[in-house]
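See structure below.
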Amino acid sequence: MTRSSCLLALLCASGCNQGIEPMKRDFADPPPASSVVMVEDHPALIPTFPCSSCHADREPDPRPRKLVEYHTPKNGFDHGTKDGWCYRCHSLENIDRLRTTLGTPVAFSDPQDLCGSCHGDKLIDWKAGLHGLNRGSWNGPKLRQSCTFCHDPHKPAFEPMVPERPPDVLGERT
Amino acid sequence: MKKDEASCAGARVEKLVELRLSKDGSRRSFLKSALAAAVTGTVASGCDHPFVKDLLQKHYKELSDEDKKELFQRIEQRTHAWSGVRVKVSDPQPLDGVHWGYALNLNHCNGNRRCVEACARENNLPNDPEIRYIRVVEADNGSQHLEHGTVNYDREQVPEPGKYYLPVQCHQCRNPPCVKACPTKATWQEPDGIVVVDYDWCIGCRYCQAACPYHARRFNWTVPSIEPDRINPDQGYLSNRIRPVGVIEKCTFCLHRVRRGRYPACFEACPTGARKFGNLADPSSEVRQIIASKRVWILKEDLGTDPRFFYFYA
């Protein structure tokens with residue numbers, strides 16, 4: 001046995017136990033994750049839904065123009081490019097329906113199909129439970145909320161929030 | 001210790017005292033004997049007294065089911081006596097094949113501190129002096145220098161432009177420095193990865209607090225004051241039961257909830273959906289998918305603590 005191998009053996013014998021213990025990654029037989037996912041029904045964003053109750057008698061005007069009043073609680077529009085217009089997302093043929101970028105009609109109760117036609121990455125994440133709010137049980141049925149629960153479709157960015165008070169913790173004041 | 005054992009021990013000490021008194025002794029030896037006799041008398045005659053039971057209580061891992069039942073009842077009665085609230089103390093056991101993991105989306109966190117408050121409510125955290133398990137660090141965008149950040153930001157609205165928010169709580173490390181530091185084995189890692197504290201075994205030396213690189217442990221400097229209407233009656237022996245003075249406490253991922261299939265309180269309180277929780281051993285769980293598909297990092301990776309708490313951007 002050479003000197004270096006002796007040294008190595010000595011190091012192993014004396015030092016191995018003092019290092020970081022090997023991590024235990026015993027991942028045998030994980031319980032199956034529940035695949036039961038329900039999407040919570042969302043109440044209508046505006047009280048005047050269905051839209052056809054007023055718009056059925058009106059001829060739709062597809063020409064983009066400046067609107068001063070919107071039907072949504074937060075008046076205004078700030079979503080995507082500025083040349084966006086009502087009929088990019090609302091169906092011209094059936095005012096009680098939405099439409100994807102390809103023109104596929106979408107029900108108001110399934111806004112994720114419309115939102116996902118532009119924000120595909122977010123739709124993939126949402127379907128996997130990585131985006132948005134999950135309720136229920138980590139190993140049981142889950143309740144998922146669709147896009148318009150949290151995002152106003154006309155102004156989807158989150159509004160600033162009022163935070164809870166700062167901590168008053170001993171020794172943590174800076 | 002059983003009652004007959006205590007009586008037996010008491011009898012032994014009494015015999016020693018008799019022997020000592022029969023000899024010529026100094027004042028000191030007499031005082032020792034008298035003290036021993038007094039302790040013996042207490043032990044022998046008052047085994048049912050809660051004080052004696054507290055004194056003779058075993059480590060959590062050595063408790064039998066019967067011991068636990070009696071102990072939990074004692075805690076429930078004690079809480080009811082001072083607060084008038086009927087609480088239920090239990091110790092849900094780790095689940096087979098479950099290794100907890102937490103992931104937090106820094107793109108979505110806006111520093112609103114809802115998680116901090118929900119955690120305080122769930123875990124019976126006192127307000128005076130205030131104890132909070134989660135600290136939200138506000139730091140400059142593009143900076144990893146958390147020491148230049150602050151946890152005491154007081155703003156009318158969040159998020160502040162140019163800042164990002166990083167909540168820090170117990171990371172439930174796989175290689176926990178706090179557990180190694182404990183001289184009394186009052187803190188240990190459960191099979192599902194949660195690092196817990198036996199509050200009745202903790203001597204309050206705070207070595208673990210010094211050892212934790214995430215500042216995740218809190219010390220009860222005074223008797224924790226909590227208003228009766230804030231008491232959460234669903235209490236875990238190793239998690240959110242009301243702590244005594246002079247002991248360390250910490251986040252347990254809401255052990256009493258998650259081991260029964262529920263999500264932690266901070267998870268449910270988050271209004272932005274930044275928090276994700278699940279079983280690391282389950283490839284279809286949300287945390288596993290995040291680790292597989294997102295840009296994930298851990299805090300103070302260079303320390304080798306190997307946390308179960310992951311930060312990501314998505």
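The values are calculated or read from the model by the stated rules, or taken from the named source; none is laboratory data. Since we're looking at a predicted model, the values are computed, not measured. Glycine also receives a Cβ, built like all others from the backbone with ideal geometry; neighbour counts cover every protein chain displayed.
The table for this structure:
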{"quantity": "Test: residue in the stretch B:104-123 that is assigned to a strand (DSSP E or B), in contact (Cβ under 8 Å) with a residue 12 or more places away in the chain and over 17 Å from the mean Cα position of the chain (by Cα)", "calculated": "yes"}
{"quantity": "Flag for A:Ala13 being assigned to a loop (DSSP other than H, G, I, E, B) and either modelled with pLDDT under 50 or within 14 Å of chain B (Cβ to nearest Cβ) (or both)", "calculated": "no"}
{"quantity": "Residue that is farthest from the other protein chains (Cβ to nearest Cβ), among those in the stretch B:129-165 that are closer than 19 Å to B:Arg218 by Cα and among the aliphatic types (A, V, I, L, M)", "calculated": "B:Val137"}
{"quantity": "Residue count, the stretch B:172-198 (criterion: crowded, with 20+ Cβ neighbours inside 10 Å and within 13 Å of the chain's Cα centre (by Cα))", "calculated": "9"}
{"quantity": "Residue within the stretch B:215-238 that is within 13 Å of chain A (Cβ to nearest Cβ), at pLDDT 95 or above and either farther than 26 Å from B:Lys180 by Cβ or surrounded by fewer than 21 Cβ atoms within 10 Å (Cβ to Cβ) (or both) present", "calculated": "no"}
{"quantity": "Residue in the stretch A:135-174 that is modelled with the highest pLDDT, counting only those that are in a strand (DSSP E or B) and either under 23 Å from A:Asn75 (Cβ atoms) or of a type in the set (S, T, N, Q) (or both)", "calculated": "A:Met161"}
{"quantity": "Count of the stretch A:54-100 residues which are at pLDDT 90 or above and in contact with a Leu (Cβ under 9 Å, 6 or more places away or on another chain)", "calculated": "6"}
{"quantity": "Among (1) surrounded by 11 or more Cβ atoms within 10 Å (Cβ to Cβ); (2) closer than 27 Å to B:Asn107 by Cα; (3) not basic (Lys, Arg) - the single one A:Ser91 does not satisfy", "calculated": "(2)"}
{"quantity": "Hits in the stretch B:247-263 - residues which are more than 10 Å from every other protein chain (Cβ to nearest Cβ), touching a strand residue (DSSP E or B) at 6+ places or on another chain (Cβ under 8 Å) and of a type outside the set (Ser, Thr, Tyr)", "calculated": "B:Val247, B:Ile248, B:Glu249, B:Lys250, B:Phe253, B:Leu255, B:His256"}
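A quick yes/no check of all residues on (1) facing another protein chain (nearest Cβ under 9 Å); (2) at positive phi; (3) polar (S, T, N, Q):
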site	(1), (2), (3)
B:Ala265	no, no, no
B:Ala281	yes, no, no
B:Ser285	yes, no, yes
B:Ser293	yes, no, yes
